[in-house]
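S.K.: Okay, here's the structure, questions in a sec.
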């Protein structure tokens, strides 16, 4: 499984997305495996939802803040799906994926519309050069403990105006995902329902959640809204 070094990292995600690994076993796993298929489904679903949300922004150019962004596959896919002008700030703790991400953006004609920033996503306020219209947190919560998810949500409260949207995902144990990630990759993912994630972030001021499932039901993508004040009695929580 030499193609799958750093299994929780961006290279393994690229292999799952592109479906073109070097080793024959990896090609079988990626081409027909449930989890890689679910990852590709999540990518398509999330990029479509984000494109729709970009189109709903009132400003001439929508600014998307991407946390735990890696090389930015989902946001760049979303940006090319809509005619509305947009730009993105991509934040990741590691800069390892940034060169690949810049080349990816260049191929899609977006190199002047993306900015990569290395840093802790909880310190995001000091990294921004523009207002935030939309936040993407796809593929990050399953690696974080409850207190870390809540901490990020509270950091976002300082940069998201009321009415702006956040997009994140849950992961279930459906189709043996827990066994797969543990046995194949040695990963201990944190499986939460959409409701559990919503309850973690709603005290920071988020509500009005809507849940969308990819076809295999492994991942669910959730869209929520920042409200005017911290919501300690959350409403609109969806299963």
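S.K.: Beta carbons within 10 angstrom, averaged per residue: use that to sort the peptides 154-165, 213-224, 133-144, highest first.
M.R.: Answer by packing, highest mean first, reads 133-144, 213-224, 154-165.
S.K.: Once both labels are modelled 7 Å past Cα along the beta-carbon direction, what's the residue 56-residue 154 spacing in nm?
M.R.: If labels sit at residue 56 and residue 154, their model points lie 2.8 nm apart.
S.K.: What does the C-alpha gyration tensor say about the overall shape of region 34-167? Classify as rounded when a/c is under 1.5, otherwise prolate if a/b is larger than b/c, or oblate.
M.R.: It comes out rounded by the Cα gyration axes.
S.K.: What order do you get for 76-87, 115-126 when each peptide is scored by the mean count of other beta carbon atoms within 10 Å, highest first?
M.R.: Ranked from most to least packed, the peptides come out as 76-87, 115-126.
Computed from the coordinates by the stated procedures, all read-outs in this text should not be read as laboratory data. This structure is a prediction, so every number in the text was calculated from the model and none was measured. Please note: Cβ atoms are built from the backbone with ideal geometry, for glycine as well, and neighbour counts cover all protein chains shown.
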